[in-house]
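The values are calculated or read from the model by the stated rules, or taken from the named source; none is laboratory data. What you see is a predicted model; the values in this text were computed from it and never measured. Here Cβ is always computed from backbone atoms with ideal geometry, including for glycine, and neighbour counts include all displayed protein chains. Ligands, DNA and RNA are excluded from the accessible area calculation, which covers all protein heavy atoms including side chains. Shrake-Rupley method; radii C 1.70, N 1.55, O 1.52, S 1.80 Å.
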Amino acid sequence: MRLSRSARGLLAAITAVVLALIYLPLLVVFVNSFSTSQNLTWPPPGFTLGWWAKAFQSDGALDAVLTSLQVALASTAVALVLGTLISLGLQRFEFFGRDAISLLVILPIALPGIVTGIALNNAFRTGLGVQLSILTLIIAHATFCIVTVFNNVIARLRRLGTSLEDASSDLGAGIWTTFRLVTFPQLRSALFAGGLLAFALSFDEIIVTTFTAGSSVKTLPLWILDNLFRPNQAPVVNVIAVVLVLVSIIPIYFAQRIAGAEKVVR
Amino acid sequence: MTGAQPAIRLTGLTKSFGNVNAVDGVDLDIVEGEFFSMLGPSGSGKTTVLRLIAGFEKPTSGTISLLGQDVTDRAPFDRDVNTVFQDYALFPHMSVLDNVAYGLRVRGVSKRARYEQARQALDTVRLGSFVDRKPSQLSGGQRQRVALARATVVQPKVLLLDEPLGALDLKLREQMQVELKELQRNLGITFIFVTHDQQEALTLSDRIAVFNEGKIEQLGTPAEIYERPSSPFVAAFVGTSNIFDDTVSHALLGRAGTHSVRPEKVSVTTENRPLAADCTAAGTLAEVIYVGSSTQLIVDLDAGTRVVVLEQNDAHRVATTERGVRVTIGWNNSDIVTLSAPAPAPAILAPHP
């Protein structure tokens, strides 16, 4: 397709503006993490590594990162197991109520977080009589993490069809062997993509978390919210934010490489 | 192990999807070691019968026996039959060698033994040098051969082939037909071959079952199916036929019922020239289609029907190539096939009111 010179210029300008809108604020956060100003004045009056040192000595911040990692890993693990089972059940078997169950599985991602939060809070405390803790938080996160795994896996199963599984069973493999040697290897990249999304969803979730975490459980988003408007802490929050950006680039990079490698194979 | 026992016996086999009977009461014995084809248009139930034999579908009613053993309720992995799938269904994440060794692997054969056997199987299909490739790096014909090696390396009693040549181009298909026939002869196992290509079925098979609407329309050798079709459906589906309905049969043959005659059994000459035939009819040449080794002539008979004639383009062919020319066609009584006699039969040469 050929575009005129002015059209190309216009499209380049729009692209630049959109990308700038996304990445300039991140750059500001990055610069501010070295700023000598405590209340984030712009431009920064001077630069220091003090906040970085302080952040890595702050027990609250490090604990919050660990808690968030625990919660995200656990709810992703739950979602991977249950999401795969549900999608296998719904895609490979026919039974009464299949469509209804499919809808009910996807629904939590569309529900407003505040509704999910209140509902689960009620269910845990008054319905089940359970103390809010890190476990209740993991269960709450798993409800919407399942959806991303489910969506990825069921799309893959649909595309795969049943002929590979038929072939495996035809050659003498039982159901479990077929899953281990044929179905699972075909699902691996879908599970990775779904798991990555689930992890990201859980890691920065704040609304449902507010309602379902025990009072002693402080995830990173909760910690940031608590500290952002506290004197002396804003620059430390910036440091944490920069670290998170750097950390989240790594899985995205690998996800892209896996997707690229798969395209070459097909 | 007696030879009299059929490799596969189907009794009253029925499979319904909703209210549709995809397979509708099929009884069939397939002899050990034969190359058996199930031929029919799409939706005729032939593939469903194959999937029932493989165990991918459960019959609504009826039984399937494999060498005298009832396997109706057994899972696919518990039956001594293997399938070559239409889309090959090779495992994309495994090498060619691992694909072929798969059946041995799940049977617990040691790594060395299974790779050894898989290599041998790949040698038989002339793919010995492709062991390390992934299926995606092979051509259609090569994938087809991997699928064959993978299904035969476990030495099944019966090999099921679901339109295995459907995805190949014509030249390759003809070459693979020869290879399939050779493979079957060398292995000596029963092949059940599903196809919608009548030419393929006629070329390869010892016996053919022609399927229509979930039922076996006719069962016989290729020559029986082609020369003596038992119904208008078989006459029309297998090869080309001139089918004369009741009225036309009266006019041309002087008897009631539905009859057919193959285009190559009809001879043709320009009007008023002698024709050595039991029976003749006059008409006008409507179309001349040159097809290489032969020429197809379409003749509008005065009796009010259209007849296709196939003439070999050999040294004896008379130049009847101009449209609109008056011609005489003729055939011998022995080449006329009675597809259905009018009730009450027999009606041959019966006087009519």
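Being open to solvent by 30 Å² or more (accessible area, probe 1.4 Å), in contact with a helix residue (DSSP H, G or I) (Cβ under 9 Å, 6 or more places away or on another chain) and farther than 30 Å from B:THR203 by Cα, is that true of even one residue in the range B:252-270? Yes, the range B:252-270 contains a residue that is open to solvent by 30 Å² or more (accessible area, probe 1.4 Å), in contact with a helix residue (DSSP H, G or I) (Cβ under 9 Å, 6 or more places away or on another chain) and farther than 30 Å from B:THR203 by Cα. Out of curiosity, is B:MET38 of a type outside the set (D, E, K, R) and modelled with pLDDT under 95? Criteria not met by B:MET38.
The test for being part of a helix (DSSP H, G or I), under 22 Å from B:GLY33 (Cα atoms) and within 14 Å of chain A (Cβ to nearest Cβ) does not hold for B:ALA223. For the range A:132-168, how many residues are over 26 Å from the mean Cα position of the chain (by Cα), of a type in the set (S, T, N, Q) and open to solvent by 20 Å² or more (accessible area, probe 1.4 Å)? Residues that pass the stated criteria total 2. Number of residues in the range A:169-180 that are under 36 Å from the mean Cα position of the chain (by Cα), at the interface with chain B (Cβ under 7 Å from one of its Cβ atoms) and part of a helix (DSSP H, G or I): the value is 2.
Note on the range B:1-58: among residues that are more than 21 Å from A:ASP166 (Cβ to Cβ), part of a loop (DSSP other than H, G, I, E, B) and in contact with a Gly (Cβ under 6 Å, 6 or more places away or on another chain), the one that is most open to solvent (accessible area, probe 1.4 Å) is B:GLN5. Can you confirm whether A:SER215 is within 26 Å of A:GLY89 (Cβ to Cβ) and either within 14 Å of chain B (Cβ to nearest Cβ) or among the polar types (S, T, N, Q) (or both)? Spelling it out, it is not the case that A:SER215 is within 26 Å of A:GLY89 (Cβ to Cβ) and either within 14 Å of chain B (Cβ to nearest Cβ) or among the polar types (S, T, N, Q) (or both). Return yes when B:GLY62 is facing another protein chain (nearest Cβ under 8 Å), of a type outside the set (Asp, Glu), over 20 Å from the mean Cα position of the chain (by Cα) and not in a loop (DSSP other than H, G, I, E, B) and no when it is not. It is false that B:GLY62 is facing another protein chain (nearest Cβ under 8 Å), of a type outside the set (Asp, Glu), over 20 Å from the mean Cα position of the chain (by Cα) and not in a loop (DSSP other than H, G, I, E, B). For the range A:181-197, the set of residues classified as facing another protein chain (nearest Cβ under 8 Å) and β-branched (Val, Ile, Thr) consists of A:VAL182 only. Of A:ALA198, A:ALA193, all but one fail to be crowded, with 21+ Cβ neighbours inside 10 Å and either small (Gly, Ala, Ser) or not in a helix (DSSP H, G or I) (or both); the exception is A:ALA198. Tell me which of these B:PHE36 doesn't satisfy, since it passes every other one: (1) within 11 Å of chain A (Cβ to nearest Cβ); (2) in contact with a strand residue (DSSP E or B) (Cβ under 8 Å, 6 or more places away or on another chain). For B:PHE36, the exception is condition (1).
Name the single residue that is modelled with the highest pLDDT among those in the range B:126-141 being away from chain A (no Cβ under 14 Å) and in contact with a Leu (Cβ under 6 Å, 6 or more places away or on another chain). My answer is B:VAL131. Would you call A:SER37 assigned to a loop (DSSP other than H, G, I, E, B) and open to solvent by less than 60 Å² (accessible area, probe 1.4 Å)? Against the criterion (assigned to a loop (DSSP other than H, G, I, E, B) and open to solvent by less than 60 Å² (accessible area, probe 1.4 Å)), A:SER37 qualifies. For B:ARG107, are the conditions met, namely being more than 8 Å from every other protein chain (Cβ to nearest Cβ) and surrounded by fewer than 21 Cβ atoms within 10 Å (Cβ to Cβ)? Spelling it out, it is not the case that B:ARG107 is more than 8 Å from every other protein chain (Cβ to nearest Cβ) and surrounded by fewer than 21 Cβ atoms within 10 Å (Cβ to Cβ).
Exactly one residue among A:ILE207, A:ILE240, A:ILE224 is surrounded by fewer than 18 Cβ atoms within 10 Å (Cβ to Cβ), touching a helix residue (DSSP H, G or I) at 6+ places or on another chain (Cβ under 6 Å) and away from chain B (no Cβ under 14 Å), and that residue is A:ILE207.
Being among the β-branched types (Val, Ile, Thr), under 24 Å from the mean Cα position of the chain (by Cα) and open to solvent by 70 Å² or more (accessible area, probe 1.4 Å) holds for only one residue in A:VAL81, A:VAL65, and it is A:VAL81.
Within the range B:79-104, residues that are more than 7 Å from chain A (Cβ to nearest Cβ) have Cβ atoms under 6 Å from residues that are among the β-branched types (Val, Ile, Thr) and open to solvent by 10 Å² or more (accessible area, probe 1.4 Å) in these pairs: B:VAL96/B:VAL131; B:LEU97/B:VAL131; B:VAL100/B:VAL153, counting only partners at least 6 apart in sequence or on another chain. If the condition is being under 33 Å from the mean Cα position of the chain (by Cα), in a strand (DSSP E or B) and over 24 Å from B:ASP246 (Cβ atoms), then the range B:260-293 contributes B:SER267, B:VAL268, B:LEU285, B:GLU287, B:VAL288, B:ILE289, B:TYR290. The criterion of at least 2 residues that are over 23 Å from the mean Cα position of the chain (by Cα) is met, among helices (runs of 4 or more DSSP H) falling completely within the range B:92-187, by B:96-106, B:111-124, B:140-152.
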